[in-house]
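Report on one structure; see the data block that follows.
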């Protein structure tokens, strides 16, 4: 039996969503997720859109999970006179 | 007592003896609580008078020490001085050499009240102006001394709570006559906060005594904080230490660590939130699919229980009911009961004596036929006024 080929349009659509989500901050991804969850609660959404919304919401969830799994914090130092950024130097005296 | 039994000195010998006595017999270091008056800098040295209301003594902070002092008193300030005696034998003059000088708590609190009153009058201190803190700050500036245990504690707390935030540490002096320096840093930060992409700032200083926090009662520092374009969180000293900067900030935290806890959301709580959302998402999908499946099953059931013959009979019954009703309302029924229907020659129904005239032809329909007649008289009922006859 011949293998069923994946629908190219659906795959590229999800890829676009993933790419967009990768640029979002935690707060932005959480807000987008909550909007979709609100829509999913709406009984009037057609079943065809249900699957799409579910897939997109999963992408936002994954984005939030990824951000929360970040362990290292970025800490830099600002020169108080020039306001230029540099690596944190803890050897300076007051 | 005679003059021969008393010690005899020249002036120099006397002064030297006094000097030696003081050097050997007086405490090499001591503390004085006093009020400073008439402070003046002469040739780089700070001269002032220390008094306690009953007595006074001259004090001097030599130029080399003056540079190191964190506090230079104004006239009338209460001070705590660590000093030693300086004795000039040439003129037998005495002064307290200042080794360290700090404001007394009374001085600090008096300055706090004065600046607080001034800024309240200006409207700079206004709880109604406090801004909301960002829920998920992306970038924060932390103004504090570098290095310091306060900074180390804050970085550790930030790392634990919300490592997603980027931190920009801005070194500032946090003690002494450094208000102009802090004002300069705050002004530059305010000008460039857009380019630096900041969401809020933290002003922090750990530990120490209330006197050490006096710079945060400075009116100029507090005006700049109050007008800062981003939310300001202060974490200065300990729980009980309140400065004017705390009053103008958008949020006052008890300590530097508490300031980071206030600004940073909890990563653990956020992880729980995401986990709950994930559960909700799969539950919604399952619920909607179950709902759709349930509706489909209902339709299946309806289809299975549908019988064409039953539906047809139901429709026939409805038709027969309508037919019966139509018959019941038919005029023929009245004719069979003996009533008659009258019409004029041109078919108009005669329902009233006003519908017909004398000598007019009238058709009378009975149950089994029609009679044609001519009206001879028309008689109204007693209640009617019209009456006519041939």
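The values are calculated or read from the model by the stated rules, or taken from the named source; none is laboratory data. Everything numeric in this text was worked out from a predicted model, so none of it was measured. Ideal geometry is used to build each Cβ from the backbone, glycine not excepted, and the neighbour counts take in all protein chains shown.
Is one or more of the residues making up region B:117-127 in contact with a strand residue (DSSP E or B) (Cβ under 6 Å, 6 or more places away or on another chain), touching a residue at least 24 places away in the same chain (Cβ under 8 Å) and in a helix (DSSP H, G or I)?
no
I'm trying to understand the selection: among the residues of region B:155-164, which are in contact with a helix residue (DSSP H, G or I) (Cβ under 9 Å, 6 or more places away or on another chain) and either more than 7 Å from chain A (Cβ to nearest Cβ) or not in a loop (DSSP other than H, G, I, E, B) (or both)?
Scanning region B:155-164 gives B:155, B:156, B:157, B:158, B:160, B:161, B:162.
Pull up region B:236-252, narrow it to residues that are surrounded by 22 or more Cβ atoms within 10 Å (Cβ to Cβ) and either in a helix (DSSP H, G or I) or free of Cβ contacts under 8 Å to residues at least 40 places away in the same chain (or both), then point me to the one that is farthest from the chain's Cα centre (by Cα).
B:237
Can you tell which of B:59, B:55 is closer than 16 Å to residue B:86 by Cβ and out of contact with any helix residue (DSSP H, G or I) (no Cβ under 6 Å at 6 or more places or on another chain)?
When all the criteria are applied, what remains is B:59.
Please verify whether region B:173-188 includes one or more residues that are away from chain A (no Cβ under 13 Å) and in contact (Cβ under 8 Å) with a residue 12 or more places away in the chain.
Yes, region B:173-188 contains a residue that is away from chain A (no Cβ under 13 Å) and in contact (Cβ under 8 Å) with a residue 12 or more places away in the chain.
Kindly indicate whether residue B:114 is without any contact (Cβ under 8 Å) to a residue 12 or more places away in the chain, surrounded by 13 or more Cβ atoms within 10 Å (Cβ to Cβ) and away from chain A (no Cβ under 14 Å).
Taking the combined requirement at face value, the residue satisfies it.
Consider region B:225-279. How many of its residues are within 14 Å of chain A (Cβ to nearest Cβ), closer than 24 Å to residue B:207 by Cα and touching a helix residue (DSSP H, G or I) at 6+ places or on another chain (Cβ under 6 Å)?
Summing the residues that are within 14 Å of chain A (Cβ to nearest Cβ), closer than 24 Å to residue B:207 by Cα and touching a helix residue (DSSP H, G or I) at 6+ places or on another chain (Cβ under 6 Å) in region B:225-279 gives 2.
Going through region A:39-94 one residue at a time, which ones are more than 19 Å from the chain's Cα centre (by Cα), modelled with pLDDT of 90 or more and more than 9 Å from every other protein chain (Cβ to nearest Cβ)?
Result: A:84, single match.
Tell me, yes or no, whether region B:99-115 has at least one residue that is under 15 Å from residue B:250 (Cβ atoms), outside any helix (DSSP H, G or I) and in contact with a helix residue (DSSP H, G or I) (Cβ under 8 Å, 6 or more places away or on another chain).
no
Looking at region B:143-154, can you tell me whether even one residue there is touching a strand residue (DSSP E or B) at 6+ places or on another chain (Cβ under 7 Å), surrounded by fewer than 19 Cβ atoms within 10 Å (Cβ to Cβ) and not in a helix (DSSP H, G or I)?
no
Given the criterion in contact with a strand residue (DSSP E or B) (Cβ under 9 Å, 6 or more places away or on another chain), at negative phi and surrounded by fewer than 19 Cβ atoms within 10 Å (Cβ to Cβ), identify the matching residue among B:231, B:171, B:180, B:134.
From the options B:231, B:171, B:180, B:134, the qualifying one is B:134.
Residue B:71 versus (1) out of contact with any strand residue (DSSP E or B) (no Cβ under 6 Å at 6 or more places or on another chain); (2) part of a loop (DSSP other than H, G, I, E, B); (3) surrounded by 17 or more Cβ atoms within 10 Å (Cβ to Cβ): which is the lone unmet condition?
Going through (1) out of contact with any strand residue (DSSP E or B) (no Cβ under 6 Å at 6 or more places or on another chain); (2) part of a loop (DSSP other than H, G, I, E, B); (3) surrounded by 17 or more Cβ atoms within 10 Å (Cβ to Cβ) one by one, residue B:71 breaks only (1).
This table checks each residue for (1) under 28 Å from residue B:215 (Cβ atoms); (2) over 48 Å from the mean Cα position of the chain (by Cα); (3) without any contact (Cβ under 8 Å) to a residue 60 or more places away in the chain.
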site: B:25; (1), (2), (3): no, yes, yes
site: B:32; (1), (2), (3): yes, no, no
site: B:76; (1), (2), (3): yes, no, yes
site: B:89; (1), (2), (3): no, yes, no
site: B:93; (1), (2), (3): no, yes, yes
